[in-house]
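Okay, structure first, notes after.
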Amino acid sequence: MNRKEQILNTAAQLFKERGYSAVTMRDLATAMDMKAASLYNHISGKQEILSSLILKVANEFTNGMDRIKVNDDSAFAKAEQLILLHIKIALDYTDALAVLNTDWMHLEGIAYQDYMRLRKNYELDFKSILEVGISTGEFKNMSLETMLFNLLSTLRSIYLWIPKKTDQEINTLKMELPSLLLSGIKSYE
């Protein structure tokens with residue numbers, strides 16, 4: 001891991017623990033056991049750190065969605081895959097995902113616009129999969145907004161649960177969460 005990655009990982013932990021606004025570059029330098037001025041050899045400032053963390057995770061979601069939406073699986077199978085994608089990203093990027101969920105509103109300029117575009121497109125693609133599922137009879141004919149809200153509300157909070165669980169509990173989550181979340185919208189006709 002190079003120094004910039006170390007800085008990003010440490011910043012993600014600090015932002016998760018204290019929040020973006022409460023962490024200074026000096027706090028980050030202290031946690032890295034280096035001088036604050038030395039940080040600027042690797043990174044331009046907190047905004048670059050925040051943008052890097054959030055856009056990396058947002059792009060992981062987008063890339064996962066892109067792979068899922070073009071496969072030939074049923075809408076139900078795609079919804080299951082999206083739930084598993086959220087679990088995988090929560091496992092792989094726990095701290096950065098926490099930063100995304102709690103501090104995205106601190107993004108500025110192009111980074112903010114890029115994040116909002118990625119988020120909107122992800123939600124539209126998820127909604128489209130649900131809509132196909134309704135039209136094929138895989139899902140109940142319910143409000144797309146309600147379905148999406150229900151699914152994303154749970155999925156966006158997985159990062160809170162993961163650090164406190166054992167590998168066995170995480171494996172159980174992977175096996176049971178798709179069924180649990182989708183059983184309420186699955187059509188049984």
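Taking a ≥ b ≥ c as the square roots of the eigenvalues of the alpha-carbon gyration tensor, region 22-133 is classed prolate because a/c is 1.5 or more and a/b outweighs b/c. Backbone amide hydrogens, once placed in the peptide plane, bring Phe139 within less than 5 Å of Ile134, Ser187, excluding anything fewer than 5 places away on its chain.
Residues in region 101-107 carry Karplus couplings, in order, of 6, 10, 10, 4, 5, 8, 4 Hz; the curve used is 6.51 cos²θ - 1.76 cosθ + 1.60 with θ = phi - 60°, and Gly or Pro positions show x. The residue among Met175, Ser143, Asn121 whose Cα reaches farthest toward the positive pole of the charge dipole of region 115-179, with charges on the beta-carbon of Lys, Arg, Asp and Glu, is Asn121.
If you take every residue apart from Leu155 with its C-beta less than 15 Å away from the C-beta of Leu155, what net charge results, scoring Lys and Arg +1 and Asp and Glu -1? Around Leu155, the surrounding residues sum to 0. For region 102-189, the alpha-carbon radius of gyration amounts to 1.32 times the rule-of-thumb value 2.2 N^0.38 Å expected for a compact globular protein.
Backbone N atoms of region 57-86 closer than 12 Å to the 7 Å Cα→Cβ label point of Lys165 belong to residues 84, 86. In terms of other Cβ atoms within 10 Å, Leu152, Leu130 run from fewest to most in the order Leu152, Leu130. Each part reduced to its alpha carbon centroid, region 20-70 and region 110-189 end up 26 Å apart. Computed from point charges on the beta carbon alone (+1 for Lys and Arg, -1 for Asp and Glu), the dipole magnitude for region 47-183 about its Cα centre is near 160 Debye. Neighbour counts of other Cβ atoms within 10 Å put Tyr112, Tyr20 in the fewest-to-most order Tyr112, Tyr20.
The residues Val132, Val57, Val70, Val23, when put in order of fewest to most other Cβ atoms within 10 Å, stand as Val70, Val132, Val23, Val57. Counted residue by residue at 0.36 nm each, then reduced by the alpha carbon distance between them, the extension gain from Asn101 to Glu131 reaches 8.3 nm.
Extension gain for Glu176 to Tyr188 (0.36 nm times residue separation, less C-alpha to C-alpha distance): 2.5 nm.
The angle between the Cα long axis of helix 46-70 and the longest principal axis of the Cα atoms of the chain comes to about 20 degrees, rounded to the nearest 10.
Overall, the ratio between the Cα radius of gyration of the chain and 2.2 N^0.38 Å, rounded to two decimals, is 1.15. With respect to the chain, whose longest principal axis is taken over its alpha-carbon atoms, helix 109-135 is tilted by about 20°.
Each reported figure results from applying straightforward, stated rules to the coordinates on display, with no laboratory input. Note that the structure is predicted; figures quoted are calculated from it, not measured. Glycine gets a Cβ as well: all are built from the backbone with ideal geometry, and neighbour counts include every protein chain shown.
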